[in-house]
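Taking it in order: structure first as structure tokens, then the write-up.
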Amino acid sequence: MENNSTRIFKPYTDLVMTQKLIQAHDIVLDEFEVKSIVKNDCWLDHQSVYLFVLENEKKELLGGCRMHLYSGREKMPMENIDNYFNQNIYHFFKEGTAEIAGLFLAKEARRRENFNMLFECFINFAIGLGLKELIGIASKQTVKTCLKFGFKWNQSVTQDSVLFYPNKKQHSYFVHCNLHNYLRAKNNNENLNDVSAQNVAGRAFRFYK
């Protein structure tokens with residue numbers, strides 16, 4: 001059985017691991033042919049950014065993601081591509097919100113339990129910070145895991161049901177998670193998995209792939 005663990009830090013406190021995270025993410029972006037479209041290191045000196053890494057017992061990097069807190073000063077990644085959305089997106093750019101970005105697993109680590117570890121880590125950390133909501137752009141590879149952890153697929157912020165990002169050949173989903181509702185459902189042992197949204201997402205995937 002694997003003995004993987006997660007770690008949280010700010011980029012400037014561990015520059016070596018930060019660079020490893022960027023390089024590993026770039027490999028995944030290359031794999032899906034989107035590296036030239038996504039700028040991956042403009043947040044290095046941002047005070048509002050936390051990094052999450054998944055490591056094995058040998059401290060080898062297996063995956064990770066970033067959390068960008070809304071600050072009103074340093075832009076969250078989605079604020080830099082607001083032209084992909086309609087005006088409804090601005091409802092989500094506010095204090096108490098954070099964006100999850102750059103979520104990836106190395107090819108050899110792409111198993112459900114590893115995705116689950118990352119999701120549980122950043123959701124629990126966000127709750128500990130007192131945040132109210134998480135937002136993100138989920139790929140067709142990660143959207144079902146997002147829905148499983150209480151994220152909702154919101155179609156009101158785009159012209160189409162899916163978001164044609166990072167290019168016209170790729171499509172993504174805008175998702176958000178109300179952390180108060182997440183905690184309530186979890187404490188009441190309610191099912192966080194939005195089955196109806198999963199079915200719709202599945203149909204959209206089949207239509208647009």
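The values are calculated or read from the model by the stated rules, or taken from the named source; none is laboratory data. Remember, predicted model here, so these are calculated numbers, not experimental data. For neighbour counting, all protein chains shown are included, and Cβ atoms are generated from backbone atoms with ideal geometry for every residue, glycine included.
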Query raised in the report: Given the residues Lys59, Lys75, Lys94, which is the only one that is more than 25 Å from Tyr165 (Cβ to Cβ) and charged (D, E, K, R)?
Result: Lys59
Requested in this report: Identify all residues within the range 1-54 that are at pLDDT below 95, aromatic (Phe, Trp, Tyr) and either surrounded by 17 or more Cβ atoms within 10 Å (Cβ to Cβ) or under 13 Å from Arg66 (Cβ atoms) (or both); write none if there are none.
Outcome: Trp43
Report summary line: Over the range 112-124, the set of residues over 17 Å from His68 (Cα atoms) and in contact with a Leu (Cβ under 8 Å, 6 or more places away or on another chain) is Asn114, Phe115, Met117
Requested in this report: Take the range 77-104 and flag every residue that is of a type in the set (A, V, I, L, M, F, W, C) and under 18 Å from Val53 (Cβ atoms).
Outcome: Ala98, Ile100, Ala101, Leu103, Phe104
Query raised in the report: part of a strand (DSSP E or B) and touching a residue at least 24 places away in the same chain (Cβ under 8 Å) - does that describe any residue in the range 88-98?
Result: yes
Report task. Report, by residue number, each residue of the range 132-186 that is of a type in the set (Gly, Ala, Ser) and part of a strand (DSSP E or B). Result -> Gly136, Ala138, Ser139, Ser172
Report task. Quick one: count up the residues across the range 126-171 that are under 12 Å from the mean Cα position of the chain (by Cα) and within 15 Å of Met76 (Cβ to Cβ). Result -> 4
Query raised in the report: Would you say Leu118 is buried (at least 17 other Cβ atoms within 10 Å of the Cβ), part of a loop (DSSP other than H, G, I, E, B) and touching a Ser or Thr at 6+ places or on another chain (Cβ under 9 Å)?
Result: no
Requested in this report: Considering every residue within the range 69-87, establish whether at least one is without any contact (Cβ under 8 Å) to a residue 40 or more places away in the chain, closer than 30 Å to His180 by Cα, buried (at least 20 other Cβ atoms within 10 Å of the Cβ) and of a type in the set (Asp, Glu).
Outcome: no
Requested in this report: Please list, ordered by first then second residue, the pairs with beta carbon atoms under 8 Å, 6 or more apart or interchain, first in the range 151-173 and without any contact (Cβ under 8 Å) to a residue 40 or more places away in the chain and within 23 Å of Ile123 (Cα to Cα), second among the polar types (S, T, N, Q) and in a loop (DSSP other than H, G, I, E, B).
Outcome: Gln155/Ser161
